[in-house]
Amino acid sequence: FLWQFLVKFVLDFRSAMSRCLVAEDGSPAKVGETSGFWLRLSDFVSSETKDCPTEVSVLEQLGFPRNWPAVYSSSPALKSLIGKKGLIPAKKVAVAGVPTAEDWSRVPKLEYLPAQSFQNARRAAAKLPNSKVVEGWAILECFNRPAGDVFVAEPYCWLALEDGRWIDVTPRPEKLTELLLAEASNTDSHPSRRQSRLSQAEADFHKALLDLRFGAATGSVTAAPSGGASKAAAAPKKDASERAATATTLIAPASTTAAAPAQVKAPVVQPAARKGLDYSKFDLIEDSDDERLVVKQEPITLPMGLPRDAVSREEYDKVWKLLLGTKDLPFTPPPDLDQMWGYYKYGAMDEQALLDQACEYLGKFPCRLEPSDYKAKTYTLMKKLETEGREDEARMWSVICILRFPKDSDAYYNQGVLLSKMSDAAKFGGAPMSRLPSLEGKAKMVPTEQYCSLFSRASASYYRRCLKVDPKQRPAYINLIGCLERNEPTGWYEEVHDIAVNAVKNGIWYNRWQRPPHFVPQLEAKPWHNPQDFELCRRLEEYADVIRGEYEAYMTKLANRKDWDDSDTTPGPGDVGGRAGALHDGGLKKSGRWREVPLFANMQLQKEYATYFPETVRVLQTYCRDATGLALCGGGDVIFSSLAPGTRLRPHCGPSNSRLTCHLGIRIPRTKEQGCFVRVAAEEPRGWEEGKTILFDDSFEHEVQFHEGSPQDPYPGERVVLLVNFWHKDFEFKNDPEWRNKSDEMMRTVDVETLPKTAVVKAAEPVPAA
């Protein structure tokens with residue numbers, strides 16, 4: 001009896017402690033006495049009111065943002081909150097999962113209490129050398145509002161380890177297995193720095209917040225000696241349907257199947273007693289002379305045409321397992337069934353149509369529309385879902401199309417594009433871990449590199465199948481080669497050239513080394529040109545000293561800039577791929593650092609930079625109109641391109657053979673023999689000279705390398721050239737805004753862009769007369 005009493009006393013004491021506020025030394029805080037850093041309701045920031053929530057109950061319907069990471073670029077509300085010009089601008093954003101066993105082994109073994117991230121992070125950092133407290137915000141979405149409409153930021157602190165890894169040691173509700181953390185750009189006014197004596201209002205808010213999020217059984221988390229995670233940390237995720245909110249109504253479905261209209265909030269009802277249609281009876285007769293019966297061993301029961309409330313999650317999942325288990329499909333990563341189920345339960349007719357169409361195929365019902373009509377309607381739905389960041393549902397429409405029409409190459413291509421887009425979204429999202437769904441259990445967090453490898457391999461498989469069905473599908477050649485070049489799987493370079501050889505055999509290109517997406521076959525094609533044959537190059541060499549002088553003056557101004565001088569707004573060089581419209585260029589860098597100072601880019605003069613290069617801009621506008629005209633038509637750039645030692649740009653082809661590329665040497669610290677060169681096609685690599693130009697056709701495969709050298713060598717500085725794209729001398733549609741469509745028929749019907757941004761190809765349309 002005494003032992004039971006002692007155990008109960010200890011448990012009650014620990015439970016009480018977990019619901020108390022504590023000071024930084026771990027002792028219980030007392031109202032009016034203890035000084036510390038306390039959380040208040042007024043500290044929360046809402047994107048809707050531009051102010052704090054007024055009642056604690058408002059915090060009840062909050063959770064991890066839906067459609068992450070697509071929602072960041074699609075939601076003005078989220079940008080208005082944490083964007084560079086937002087209410088609480090963030091300098092870094094990442095998704096933090098529940099700490100793993102390895103994470104717990106790296107943090108101090110303390111008792112971490114819920115809703116006290118300020119103290120938890122400070123106490124842990126005080127006992128962990130070389131770690132620091134990160135001050136920022138936990139970004140949550142209001143689930144009682146439409147997706148992407150309202151977000152709330154909660155002041156939050158977490159640990160950054162010596163290697164830069166973020167670990168959130170504060171216990172969370174079981175359903176919140178992921179948390180979007182945003183590091184504050186300005187921490188001077190962050191609530192975690194406000195020290196005061198604990199007030200009764202702060203203590204009451206803390207209790208109300210705990211009751212709201214954890215109920216009566218709130219507990220703390222202690223980092224176990226073995227590094228094991230807590231029970232709360234290990235709890236499984238709840239279904240996405242618990243987090244789903246109102247879904248927007250999409251375009252009318254391709255199916256004519258009637259479905260009950262969805263409600264904004266699903267009522268709590270018991271499923272009606274019913275039996276789904278047994279589709280096996282429609283397949284009992286084999287096509288033979290005697291039409292003998294073939295008895296099915298395991299009848300398939302599918303939930304087609306049933307009200308949403310009568311379809312169970314198990315039945316819903318079974319449909320997609322059966323569909324994706326079809327042996328005729330290439331390897332297909334599983335969709336996020338949690339998310340799809342949420343959209344199905346709370347969506348409109350389109351979500352119902354997707355399930356019904358899958359059931360109709362599995363039940364071996366014939367297609368009720370003409371193939372061209374079915375594919376056109378399916379494409380419309382896929383495109384809409386893609387723009388909403390719902391690629392998994394778009395992929396399932398594509399899978400149904402593939403199974404319905406296995407000889408249709410477009411369906412395979414579309415699936416490859418969607419998989420590529422999902423891989424690129426993860427790669428360029430910046431998160432170290434990505435969520436990988438599963439058909440057999442809960443999704444798991446895997447390294448983003450592993451996630452991207454899986455999806456890019458699957459994408460390549462679909463592009464290959466597309467080319468097997470139609471060897472003349474040019475967009476598939478373009479994206480398959482781009483996928484291999486960007487991800488570099490084993491044997492990728494040899495495979496790229498094998499693919500290019502097949503493309504040449506099928507009339508896609510004329511040379512395996514020249515593989516641009518936009519291709520004009522009539523133009524003269526050779527890797528290198530003599531720059532002295534072009535006035536543009538001769539003029540650049542003539543004014544080389546002026547151009548170099550302005551660049552040196554610009555760099556000197558940056559070097560002498562004072563950090564405290566807010567009046568100096570001189571823009572610095574940017575990472576290539578960082579500006580809008582040039583994201584694909586960022587994927588070309590294999591290693592090192594590649595930066596730019598753009599003068600003409602994004603179809604306009606970059607005035608914020610051009611101010612510092614008046615003579616260079618005058619020379620370009622006077623003597624290099626084929627370059628400025630191309631740039632203003634969106635076909636090229638004029639930039640100062642700088643490479644740091646150790647930089648390698650992957651072998652790749654430029655976007656069009658309607659242009660040439662000139663480099664004027666500005667700073668050339670090493671020769672070709674010392675490892676600083678450009679290789680074009682199978683030609684001998686060439687280096688640069690200061691004040692001299694080189695000229696090549698970048699639609700041919702080319703790569704750039706600047707070797708780092710030995711550790712004993714002094715730092716050589718960056719290699720800098722003025723990169724100038726300009727029209728090919730024989731191109732017919734110079735300075736015409738419609739130059740792509742007029743010179744390449746494929747561009748009229750198919751939108752093919754250099755990756756990572758890729759568009760879903762339309763069903764084939766007749767080409768209008770020129």
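Sort out for me the helices (runs of 4 or more DSSP H) sitting completely within the range 393-507 that have 1 or more residues that are open to solvent by 50 Å² or more (accessible area, probe 1.4 Å) and farther than 24 Å from K318 by Cα.
409-429, 448-469, 492-505
For the range 561-584, indicate whether the set of residues that are among the β-branched types (V, I, T), within 15 Å of V720 (Cα to Cα) and modelled with pLDDT of 90 or more is non-empty.
The answer is no, given that none of the residues of the range 561-584 is among the β-branched types (V, I, T), within 15 Å of V720 (Cα to Cα) and modelled with pLDDT of 90 or more.
For the range 161-199, which residues satisfy the criterion of being among the acidic types (D, E) and either in contact (Cβ under 8 Å) with a residue 60 or more places away in the chain or at positive phi (or both)?
Selection gives D168, E174, E178, E183.
Take residues that are open to solvent by 20 Å² or more (accessible area, probe 1.4 Å), farther than 19 Å from G429 by Cβ and in contact with a helix residue (DSSP H, G or I) (Cβ under 9 Å, 6 or more places away or on another chain) and tell me which of the helices (runs of 4 or more DSSP H) falling wholly in the range 29-141 contain 3 or more.
Per the criteria, no element qualifies.
Among the residues in the range 330-342, are any more than 30 Å from E183 (Cα to Cα), of a type in the set (S, T, Y), surrounded by fewer than 23 Cβ atoms within 10 Å (Cβ to Cβ) and out of contact with any Gly (no Cβ under 7 Å at 6 or more places or on another chain)?
The answer is yes, given that some residue of the range 330-342 is more than 30 Å from E183 (Cα to Cα), of a type in the set (S, T, Y), surrounded by fewer than 23 Cβ atoms within 10 Å (Cβ to Cβ) and out of contact with any Gly (no Cβ under 7 Å at 6 or more places or on another chain).
Just give me the residues in the range 654-689 being at positive phi and free of Cβ contacts under 8 Å to residues at least 40 places away in the same chain, in sequence order.
Scanning the range 654-689 gives a single hit, G675.
So which helices (runs of 4 or more DSSP H) stay within the range 571-680 end to end and still have 2 or more residues that are under 25 Å from the mean Cα position of the chain (by Cα)?
Passing ranges, in order: 583-586.
So, in the range 14-47, how many residues would count as being modelled with pLDDT of 80 or more and not basic (K, R)?
Qualifying residue count, the range 14-47: 18.
From the set of residues in the range 640-660 that are basic (K, R) and surrounded by fewer than 22 Cβ atoms within 10 Å (Cβ to Cβ), which is farthest from E495 (Cα to Cα)?
Per the stated criteria, the residue is R648.
Given the structure, is Y551 open to solvent by less than 10 Å² (accessible area, probe 1.4 Å), outside any strand (DSSP E or B) and under 15 Å from S642 (Cβ atoms)?
yes
Of the numbered conditions (1) without any contact (Cβ under 8 Å) to a residue 24 or more places away in the chain; (2) buried (at least 19 other Cβ atoms within 10 Å of the Cβ), Y609 satisfies every one except a single condition; which is it?
(1)
Please give the number of the condition T569 fails out of (1) β-branched (V, I, T); (2) open to solvent by 50 Å² or more (accessible area, probe 1.4 Å); (3) within 20 Å of N735 (Cβ to Cβ).
Condition not satisfied by T569: (3).
Please name all residue pairs, on different chains or six or more residues apart, with Cβ atoms under 9 Å, provided the first residue is in the range 364-387 and is within 14 Å of A411 (Cβ to Cβ) and the second residue is acidic (D, E) and buried (at least 17 other Cβ atoms within 10 Å of the Cβ).
C367/E360; P371/D408; K375/D408; K375/D410; Y379/D410; L381/D350; L381/E393; M382/E393
Rundown of residues vs (1) open to solvent by 60 Å² or more (accessible area, probe 1.4 Å); (2) under 21 Å from K84 (Cα atoms), yes/no style:
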| position | (1), (2) |
| --- | --- |
| G148 | no, yes |
| P155 | no, yes |
| G164 | no, no |
| L179 | no, yes |
| A182 | no, yes |
| R193 | yes, no |
| F214 | no, no |
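Which one of these does G636 not meet: (1) surrounded by fewer than 21 Cβ atoms within 10 Å (Cβ to Cβ); (2) touching a residue at least 12 places away in the same chain (Cβ under 8 Å)?
Of (1) surrounded by fewer than 21 Cβ atoms within 10 Å (Cβ to Cβ); (2) touching a residue at least 12 places away in the same chain (Cβ under 8 Å), only one is false for G636: (1).
Against the condition within 23 Å of I478 (Cα to Cα) and at pLDDT 90 or above, how does K407 come out, does it pass?
Here the answer is yes, as K407 does meet what is asked.
Residues are listed down the side, and each one gets a yes or a no for (1) over 29 Å from L467 (Cα atoms); (2) of a type in the set (V, I, T):
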position: L322; (1), (2): no, no
position: Y343; (1), (2): yes, no
position: G347; (1), (2): yes, no
position: F365; (1), (2): no, no
position: L385; (1), (2): no, no
position: R395; (1), (2): no, no
position: V399; (1), (2): no, yes
position: D408; (1), (2): no, no
position: V417; (1), (2): no, yes
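State which residue is surrounded by the fewest Cβ atoms within 10 Å (Cβ to Cβ) when the search covers only the range 661-683 and only residues that are touching a helix residue (DSSP H, G or I) at 6+ places or on another chain (Cβ under 9 Å) and within 21 Å of F534 (Cβ to Cβ). Spell out the reasoning first.
Kept after step one, since they are touching a helix residue (DSSP H, G or I) at 6+ places or on another chain (Cβ under 9 Å), are these residues of the range 661-683: 662, 664-667.
Restricting the remaining residues to those that are within 21 Å of F534 (Cβ to Cβ) gives 662, 664-666.
Values: C662: 23, L664: 25, G665: 20, I666: 22.
Selected residue: G665.
If you check every pair at least six apart or on different chains, which have Cβ atoms under 9 Å apart with a residue in the range 510-533 that is free of Cβ contacts under 8 Å to residues at least 12 places away in the same chain first and a residue that is open to solvent by 20 Å² or more (accessible area, probe 1.4 Å) and acidic (D, E) second?
Matching pairs, first to second residue: Q532/E541.
The values are calculated or read from the model by the stated rules, or taken from the named source; none is laboratory data. Quick caveat, the model's predicted, so the values are computed rather than measured. Cβ: placed from backbone, ideal geometry, glycine included. Neighbour counts: every protein chain shown. Note: areas computed on protein heavy atoms with side chains; ligands, DNA, RNA excluded. Shrake-Rupley method; radii C 1.70, N 1.55, O 1.52, S 1.80 Å.
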